[in-house]
Amino acid sequence: MRKPFIAGNWKMHKTINEATDYGELFVQKLKDEQVDFSKVDVALFVPYIHMSALKVIFLLRGIDVGAQNMFYEEKGAFTGEISPTMLSDLGIERVIIGHSERRKYFGETSAACAKKLNAAYTHDIKPVLCVGEDLKDREAGRHKDAVRTMLLESFEGIHAEEAEFAAVAYEPLWAIGTGKTATPEQAEEMTALIRSVLAEKYGSAVADNIIIQYGGSVNEENIAELMAKEDIDGALVGGASLDAAKFAKIVAFDDSVRKDSLKQVSVKNILKK
Ligand code: PGA
């Protein structure tokens with residue numbers, strides 16, 4: 001059974017004081033919302049310089065701190081980069097790989113993502129690989145091909161056990177930071193496609209275990225209908241994760257709709273055995 005995974009991506013926001021104030025408030029808000037951590041995994045992907053302080057605030061609170069990017073080499077003359085060794089040395093257990101903003105502004109390729117996925121696995125840092133089509137591809141009806149290609153290139157040379165260790169976030173570029181969310185049906189169509197591409201490559205036993213998130217203008221109002229979809233296992237939240245109270249509400253989404261889809265998944269798995 002796949003455990004829901006709700007993550008925030010702060011991107012390049014907040015000073016250290018704002019980050020620590022948020023951290024304390026977020027712990028309180030999750031308590032107020034009575035979040036049950038046995039039912040949901042929670043992570044915040046923050047700028048590197050805030051990771052240590054937030055690790056201390058979140059210690060034993062059930063909230064993981066993750067990095068928004070990393071390089072794949074262990075060390076060397078790579079000015080400005082952060083290595084997987086440095087992250088695991090800090091106790092960081094999660095990293096985003098191939099976010100569309102990294103691909104767009106910093107030229108990150110799917111081939112580099114494959115190296116990063118491998119490095120993350122080697123260092124026991126759980127990756128979230130981001131894939132998603134742009135508006136041009138969507139309007140031309142090429143969105144499925146675009147995502148399939150991105151996915152296969154990013155998982156090139158990645159073994160099943162490494163793939164199973166990863167999560168995938170489907171983030172259509174036209175929905176990121178635009179306030180225009182994909183409809184639950186569009187999101188489900190694409191997350192189901194991602195699972196089927198992974199099943200072709202790794203077999204359905206592996207693909208059924210991989211967490212697939214949706215990302216793109218997720219907020220406290222649309223989270224429940226997205227999470228009700230069978231192949232959507234979580235969300236990667238940008239803008240709405242910058243506000244501790246709002247993000248706590250997203251984490252505390254009403255999972256009663258979800259329960260049915262979890263039941264369906266487990267029944268499906270039982271039938272397969
Ligand atoms: P958004 O960003 O929620 O602000 O659309 C999502 C993301 O880029 O991960």
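Starting with the highest mean, order 210-219, 112-121 by the number of other Cβ atoms within 10 Å, averaged over the residues of each peptide.
Final packing ranking: 210-219, 112-121.
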Q: Search the structure for amide H atoms under 5 Å from the amide H of residue 44, placed 1.01 Å from N in the peptide plane, and list their residues when 5 or more places away or on another chain.
A: 8, 64, 65, 66
Q) Among 66, 76, 91, which one shows the biggest mean-square fluctuation in a GNM of the chain, springs joining Cα atoms closer than 10 Å? A) 76
Q) Over 22 Å between Cα atoms, which of 11/229; 39/246; 11/201 qualify? A) 11/229; 11/201
Q. Which of the aspartates and glutamates could a cross-linker span from residue 3 if the Cα-Cα distance has to be under 16 Å and same-chain partners fewer than 8 positions apart are dropped?
A. 36, 41, 64, 164, 208, 230, 231, 233, 254, 255, 260
Q. Given a 1.4 Å probe and the protein chains all in place, what does the accessible area of residue 201 round to, in Å² to the nearest 10?
A. 90 Å²
Q | Under 13 Å from residue 144, Cα to Cα: aspartates and glutamates that are on another chain or at least 8 residues apart | A | 133, 134, 171, 188, 189
Q. Of the chymotrypsin sites (Phe, Trp or Tyr not before Pro) in region 3-55, which ones lie in a loop per DSSP and count no more than 14 other C-beta atoms within 10 Å?
A. 37
Q | Heavy-atom accessible area ranking, 1.4 Å probe, most first, across 89, 145 | A | 89, 145
Q: Could you tell me what percent of the accessible area of the chain is made up of carbon and sulfur, with a 1.4 Å probe and every protein chain present?
A: 53 percent
Q. So what J values fall out for region 231-245 if you push phi through Karplus, 6.51 cos²θ - 1.76 cosθ + 1.60 with θ = phi - 60°, rounded to Hz, Gly and Pro as x?
A. 9, 9, 9, x, 9, 10, 10, x, x, 6, 8, 6, 10, 4, 5
Q | log₁₀ of I(q)/I(0) at q = 0.13, 0.15, 0.21, 0.25 Å⁻¹ - region 113-161, Debye sum with one point per alpha carbon | A | -0.37, -0.46, -0.72, -0.87
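Determine by what factor the alpha-carbon radius of gyration of the chain differs from 2.2 N^0.38 Å, reporting the quotient.
Details: Rg = 17.5 Å, N = 273, 2.2 N^0.38 = 18.5 Å.
Here the answer is 0.95, to two decimals.
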(Q) Could you identify which residue out of 182, 160, 205 has the top mean-square fluctuation in a GNM of the chain using Cα springs shorter than 10 Å? (A) 205
Q. Amide H to amide H, which residues 5 or more places from residue 108 or on other chains are under 5 Å from it, using H placed in the peptide plane?
A. 103
(Q) Whole-Hz ³J(HN,Hα) for each residue in region 155-170, computed from phi via Karplus 6.51 cos²θ - 1.76 cosθ + 1.60 with θ = phi - 60°, x for glycine and proline: what do you get? (A) 9, 4, x, 8, 7, 4, 5, 6, 5, 5, 6, 8, 10, 10, 10, 8
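How would you order 174-181, 135-142 from highest to lowest mean count of nearby Cβ atoms within 10 Å?
Ranked from most to least packed, the peptides come out as 174-181, 135-142.
The values are calculated or read from the model by the stated rules, or taken from the named source; none is laboratory data. Note that the coordinates shown come from a computational prediction; the quantities given were computed from them, not determined experimentally. With ideal geometry, Cβ positions are generated from the backbone for all residues, glycine too; neighbour counts draw on all protein chains shown. Just the protein is used for accessible areas: all its heavy atoms, side chains included, with ligands, DNA and RNA removed. Shrake-Rupley method; radii C 1.70, N 1.55, O 1.52, S 1.80 Å.
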